[in-house]
Amino acid sequence: MLVTYLEASRDLCETDSILFGAAVAVCRIIGAKLPMAGRATTQSNAIPAWRKRIEDRIAKARALIGRLTSFRSGNNRPRIMRTVRMAFAGTNISLSQPDITQKITERIDDLKEKIAAWGKRIRRFSEGSRRFNQNRLFQSDQKRLYKLLERPKVCVAGQGPDQADIIAFWRGLWSEPVNHSEGLWMEVVASQGASVTPMDPITITPEDVAEAVRRAPNWKSPGLDGLHHYWLKGFVVCHAVLARQFQEALDQKSLPSLFTTGITHLVPKDQDTTDPSKYRPITFLLADSSVMHAGLQRVEMQRATNVEEGHQNPGLSYQHYEADCV
């Protein structure tokens, strides 16, 4: 069924919508959860369940310590008395016995020791999780790991910049025209480039698309369409259609506006969270767009490899080598 819809697709936008619909259908069939608001997904920063359970225990123990301390100070309110009885439930300790103050002190010390042990458990588990994530990141992306280790942690709990200020700042960099002063060196470069042999046309094959999809991360943050690379790996029948439509876009020298529009996240550089210029923009484009760029890069790498082999092979003509070098 997916092949029928893909063969009838007229452009990249329709193909992207068809792939997204197919991904939604698969999720509904297998019972997977879908984002409720919008098609784009966001990274979850939820507290792990094990840590939440331990923190709940610590909160209850601290509340109980407060009630026991209040009772030891002479507070005999019904709510305090009820909590103290519950604290000694299942024991032979009675609130009317003469050494009840000593028993309460021992109970408070016991709770404090438990709180300290739970806190050490949280730190131990957190440290183990941090080491595990760093080891896994070292295996997949060493450059990113080193950047995380060198980059100081930035506290973003402060007030962020105003939305109007952010739009005005980045619009001043990207939208307003700038008049550059071009010297004589531009004429020299133009005259030198006039005699350069044009580069051979680029042809994107389904194998290039398949290789680009294979190398892409499965669940990298998607663009406006909300489509992850995982689905492009599963829907193998779309590789030939994408290769054909990528080639048509190259021949026509135009791309849909959806392919050049993304979701931009602003990451603070330092503690000044109110200045729009102190943020680093990170834009997430469509999965199809990144696959197209990776496919072009693969074609260029193959061409550079052929040029290097031709340079080492005396039987290859110099004209072919010079054209490939351009």
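The values are calculated or read from the model by the stated rules, or taken from the named source; none is laboratory data. Note that the structure is predicted; figures quoted are calculated from it, not measured. Here the Cβ positions follow ideal geometry from the backbone for every residue, glycine too, while neighbour counts run over all protein chains shown.
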Give all pairs with beta carbons closer than 8 Å in which a residue from segment 118-129 that is loosely packed, with under 13 Cβ neighbours inside 10 Å meets a residue that is aliphatic (A, V, I, L, M); count only pairs at least 6 apart in sequence or on separate chains.
none
Any idea which residue in segment 116-137 is farthest from Arg72 (Cα to Cα), counting only those that are in contact with a Lys or Arg (Cβ under 7 Å, 6 or more places away or on another chain) and aliphatic (A, V, I, L, M)?
Leu137
Would you please name the residue that is farthest from the chain's Cα centre (by Cα), looking only at residues in segment 268-292 that are without any contact (Cβ under 8 Å) to a residue 24 or more places away in the chain and either exposed (fewer than 12 other Cβ atoms within 10 Å of the Cβ) or closer than 15 Å to Cys13 by Cβ (or both)?
Arg280
Filter segment 58-78 for residues that are touching a residue at least 12 places away in the same chain (Cβ under 8 Å) and of a type in the set (D, E, K, R); the one that is surrounded by the fewest Cβ atoms within 10 Å (Cβ to Cβ) is Arg62
Single match in Ser181, Ser195, Ser221, Ser277 (criterion: part of a helix (DSSP H, G or I) and over 19 Å from Gly295 (Cα atoms)):
Ser277
Could you list, in sequence order, all residues of segment 200-234 that are polar (S, T, N, Q) and within 23 Å of His265 (Cβ to Cβ)?
Asn218, Ser221
Do we have Ile29 as at pLDDT 85 or above and out of contact with any helix residue (DSSP H, G or I) (no Cβ under 8 Å at 6 or more places or on another chain) here?
yes
Residue list for segment 190-211, restricted to those being surrounded by 10 or more Cβ atoms within 10 Å (Cβ to Cβ) and at pLDDT 85 or above:
Thr203, Ile204, Thr205, Pro206, Glu207, Asp208, Val209, Ala210, Glu211
Restricted to segment 229-255 and to residues being surrounded by fewer than 20 Cβ atoms within 10 Å (Cβ to Cβ) and hydrophobic (A, V, I, L, M, F, W, C), the residue nearest to Cys13 (Cα to Cα) is Leu255
